[in-house]
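Participant: The structure under discussion is supplied below as structure tokens; questions concerning it will follow.
The values are calculated or read from the model by the stated rules, or taken from the named source; none is laboratory data. Being a predicted model, the structure only gives us computed values, none of them experimental. Note: ideal-geometry Cβ built from the backbone for every residue, glycine included; neighbour counts use all protein chains shown. Heads up: the accessible areas ignore ligands, DNA and RNA and are worked out on the full protein's heavy atoms, side chains in. Shrake-Rupley method; radii C 1.70, N 1.55, O 1.52, S 1.80 Å.
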Amino acid sequence: MWILGIKPSPCHCDYTATRHFLGALQKLPLQACNTGVRKVHTAPLRTLFLLRPVPILLAAGGGYAGYRQYEKYRERQLEKLGLEIPPKLASHWEVSLYKSVPTRLLSRACGRLNQVELPSWLRRPVYSLYIWTFGVNMTEAAVEDLQHYRNLSEFFRRKLKPQARPVCGLHSVISPSDGKILTFGQVKNSEVEQVKGVTYSLESFLGPRACTEDLPFPPASSCDSFRNQLVTREGNELYHCVIYLAPGDYHCFHSPTDWTVSHRRHFPGSLMSVNPGMARWIKELFCHNERVVLTGDWKHGFFSLTAVGATNVGSIRIHFDQDLHTNSPSYSKGSYNDLSFVTHANKEGIPMRKGEPLGEFNLGSTIVLIFEAPKDFNFRLKAGQKILFGEALGSL
């Protein structure tokens, strides 16, 4: 370059020197350093350039998971002592990290795997392991013979004997499914309890009000709270009940009362775990996850049932809604789609009788009831109790 009369720039000289230096380092052989006690071998520096982030991420993730398990163990020990544990909410980065896990893809893969037909000789050991792990009561199943179920999906969606779940006729609202009562009570300040001490927004959960005639509630008013807009009759209150379905529970859900379904709203979203521990950890967990909201009315006003998806539970089925497709490969964040069951041919919607089959999950998940009722409505429940489909939730 001097021959051309051009002086090389300092940056070019630094870059050339650095390149030669790194090239020399990569050619260094494996060396042994004598410490006087034993030989310590040092790898050439070129191996540093071959490191990949996957092992580091796995190690960090394993350590974090271990820490979380220790925290859960400590909480269980404190609960045994009768001490109340204040919820410790996840930070924004922890929620973002969890949501970055491809749970929707994993759930679709599990769904495909569950539909693979098992050979006859493998069915009994596989199902027996599941029964032992999750405490499934097969004496209640309509078909107790494990050889009858061709795949895991059929086993998860097994039917019960007619007498296994008698429907309570004395109370106005029954449990739509088997499960564990997480929380229940009145909706206050447009916030709903997820678990004790952790709430989520009623409007975020049900979605913005649509100003259409087919919805069971009137158009929104800017001066009213979202809760007040759902209460259609003077003197009524808004109530809620959250039921968690464990993997070993009966996976179908039924109509909790006599009501008419007039509208469906489907929210695509994440598929994070909804077990009670996660519900205590992640605020507005149910608003993050995929869910199907059915709204309508019963004899006391507004009524809704929401089926919330979870990890490995991307498939939510509503028996009378053939257009519903959950856990699609792609979706727009924050989007939702509406379907009205009120048409020119059917101006009432879909009538449902108490105890009538309504839908099903492919594995355990969560059911959320939000409904309007008079002030003297009383729940007959205790938080944390086990409940079966058909048993009373409450009445006037």
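The rows are residues; the columns are (1) touching a Pro at 6+ places or on another chain (Cβ under 6 Å); (2) part of a loop (DSSP other than H, G, I, E, B).
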site: ASN346; (1), (2): no, yes
site: ILE367; (1), (2): yes, no
site: PHE371; (1), (2): no, no
site: ALA383; (1), (2): no, yes
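Quick grid of which residues meet (1) of a type outside the set (Val, Ile, Thr); (2) in contact with a strand residue (DSSP E or B) (Cβ under 8 Å, 6 or more places away or on another chain); (3) under 27 Å from THR295 (Cα atoms):
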position	(1), (2), (3)
VAL136	no, no, no
GLU144	yes, no, no
PHE155	yes, no, no
VAL173	no, yes, yes
GLY185	yes, yes, yes
ASN189	yes, no, yes
VAL195	no, yes, yes
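Participant: On to the next question. So which residues in region 175-207 are open to solvent by 60 Å² or more (accessible area, probe 1.4 Å), assigned to a loop (DSSP other than H, G, I, E, B) and at pLDDT 80 or above?
Facilitator: Hit for region 175-207 is ASN189, nothing else.
Here's the yes/no breakdown for (1) more than 23 Å from LYS386 (Cβ to Cβ); (2) without any contact (Cβ under 8 Å) to a residue 40 or more places away in the chain:
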| position | (1), (2) |
| --- | --- |
| ALA109 | yes, yes |
| ARG123 | yes, yes |
| VAL126 | yes, yes |
| VAL136 | no, no |
| VAL143 | yes, yes |
| SER153 | yes, no |
| ARG157 | no, no |
| LEU160 | no, no |
| ALA164 | no, yes |
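Participant: Any residue at all in region 155-163 that's closer than 18 Å to ALA310 by Cβ, part of a helix (DSSP H, G or I) and open to solvent by 70 Å² or more (accessible area, probe 1.4 Å)?
Facilitator: no
Participant: If we keep just the residues of region 353-367 that are under 19 Å from PRO166 (Cα atoms) and crowded, with 23+ Cβ neighbours inside 10 Å, which is nearest to the chain's Cα centre (by Cα)?
Facilitator: GLY359
Participant: Right, here's the next one. With touching a helix residue (DSSP H, G or I) at 6+ places or on another chain (Cβ under 8 Å) and over 17 Å from LEU245 (Cα atoms) as the only criterion, which of ASN337, ASN327 stands out?
Facilitator: ASN327
Participant: Against the definition (at pLDDT 90 or above and hydroxyl-bearing (Ser, Thr, Tyr)), how does THR260 come out, yes or no?
Facilitator: yes
Participant: Can you tell me which residue is surrounded by the fewest Cβ atoms within 10 Å (Cβ to Cβ) among those in region 336-349 that are touching a Gly at 6+ places or on another chain (Cβ under 8 Å) and either within 27 Å of ILE174 (Cα to Cα) or hydrophobic (A, V, I, L, M, F, W, C) (or both)?
Facilitator: PHE341
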